[in-house]
Amino acid sequence: MLKKIFTFFIAGLALYACSSATEGGDVNSDNFDREQLLSNLANNIIVPAFNDFSSKINSLQTAATTFTTTPSQENLTALRSSWLNAYKTWQHVAMFEIGKAEELQFVNFINIYPLTVQDVENNISSGTYDLNSANNHDAQGFAALDYLIYGVADTDAAILAKYTTDANADNYKAYITDVVAKMQEVTTAINNDWNGSYKNSFITASGNTASSSLNKLVNDFIFYYEKRLRANKVGIPAGIFSTNSQPLPEKVEAFYNQNVSKELAFEAYKAVKNVFQGKAYNTSSTGESFKTYLVSLNRNDIVTSIENQLATAETKLNSLNNNFYSQVNTNNALMTETYDELQKLVVLFKVDMLQAFDISVDYVDADGD
């Protein structure tokens, strides 16, 4: 899925907020202090979230080392706990594919799913692989760990045997080590960038051009919501995008530990809501945000519509089974209904909000919505 194709305009794209300002200069004609908004996002949401994610990845690395050194039920349980804690925190940083994260294309090393199990097993069997290769994007990250600690065998005893008595036990352990090391490497680079000079550069790039921080971040926000939350977590497993609307439950996030699928989706939803409202990471304080920007433009109507629809979508998400695989197989109508409510927010974000901000879409939309 291509994320950034700038200056992509086709007939009818005006519906998605064409803007003379983004074409012709960095003057922000509405006089809203975008720098204050960017400062709140950076200092109170993005940097704290990346700091926490980096800490959780470090804890995951420690747990992985302990498990691969001494494979036991206790250490497997601890590794699973660290995996889930980091996975939930990932949902709060995944939308910020800007700066070093965009340069490194960090999602490719952290959370591409569904996993290609055959690639993982081939890598383990050969003992030779390059996790930097695009061919291995679907063979690493949280999805690979999901398989390695939940799905590599049918029971915990059999899983532990993969890391103790199996002929490839050393290679299985090495693969966990290498996958986590790659996640840690990429995360550390991004976190260091935000805690270095990039944060100030991000805040001060407050104009209204395609390359200015707010324009890029708003697009990242909508892309994340539209593609990675609405489509990947709900729409694709529900069969919204498949031939003859055929459900694809095997494409749920965390397929091998399916009981956390709703938990992960709900964390992603909270991340979207918090950014829209300017709510600081893991606290109740709020600051300048997309919401306050709309209020300053006298577009309380858009704010009301978005917040009402956020509440409706949240209710639908909460109505789903904790296990999305089970939900699709037992009552997929609830999944498609949830998708429909999530879809209504795409129009509010991508049309109404973008037009109010005078920002253009900077990515290709190829799924017909």
Which fully enclosed helices (runs of 4 or more DSSP H) of region 46-126 have 1 or more residues being in contact with a His (Cβ under 7 Å, 6 or more places away or on another chain)?
-> 47-69, 107-110
Look through N308, N322, N300 and report the one residue that is surrounded by fewer than 18 Cβ atoms within 10 Å (Cβ to Cβ) and within 20 Å of the chain's Cα centre (by Cα).
-> N322
Give the residue that is nearest to F349 (Cα to Cα), with candidates limited to residues of region 236-279 that are touching a Gly at 6+ places or on another chain (Cβ under 7 Å) and assigned to a loop (DSSP other than H, G, I, E, B).
-> G278
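For the condition farther than 20 Å from L264 by Cα, in contact (Cβ under 8 Å) with a residue 24 or more places away in the chain and out of contact with any His (no Cβ under 9 Å at 6 or more places or on another chain), what is the one hit in F276, F290, F324?
On the way: F276 fails: farther than 20 Å from L264 by Cα; F324 fails: farther than 20 Å from L264 by Cα.
Of F276, F290, F324, the one residue that is farther than 20 Å from L264 by Cα, in contact (Cβ under 8 Å) with a residue 24 or more places away in the chain and out of contact with any His (no Cβ under 9 Å at 6 or more places or on another chain) is F290.
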Positions within region 80-105 being farther than 24 Å from F67 by Cβ and in contact with a helix residue (DSSP H, G or I) (Cβ under 8 Å, 6 or more places away or on another chain), in sequence order = H92, V93, A94, M95, F96, E97, I98, G99, K100, A101, L104
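In region 186-220, how many are of a type in the set (G, A, S) and part of a helix (DSSP H, G or I)?
In the first step, residues of region 186-220 are kept if they are of a type in the set (G, A, S); the result is 189, 196-197, 201, 205-207, 210-213.
Now restrict to residues that are part of a helix (DSSP H, G or I): 189, 201, 213.
The number of residues fulfilling the criteria is 3.
Taking Y281 as the residue in question, decide whether it is aromatic (F, W, Y), more than 19 Å from M95 (Cβ to Cβ), crowded, with 17+ Cβ neighbours inside 10 Å and not assigned by TED's automatic domain parsing to the domain that holds L145.
No, not satisfied.
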Residue list for region 127-151, filter: closer than 19 Å to Y87 by Cα and part of a loop (DSSP other than H, G, I, E, B) | Q140
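The values are calculated or read from the model by the stated rules, or taken from the named source; none is laboratory data. Here the structure is a predicted model, which means the values were calculated and not measured. Counting neighbours? That spans all protein chains shown, and the Cβs are built from the backbone with ideal geometry, glycine included.
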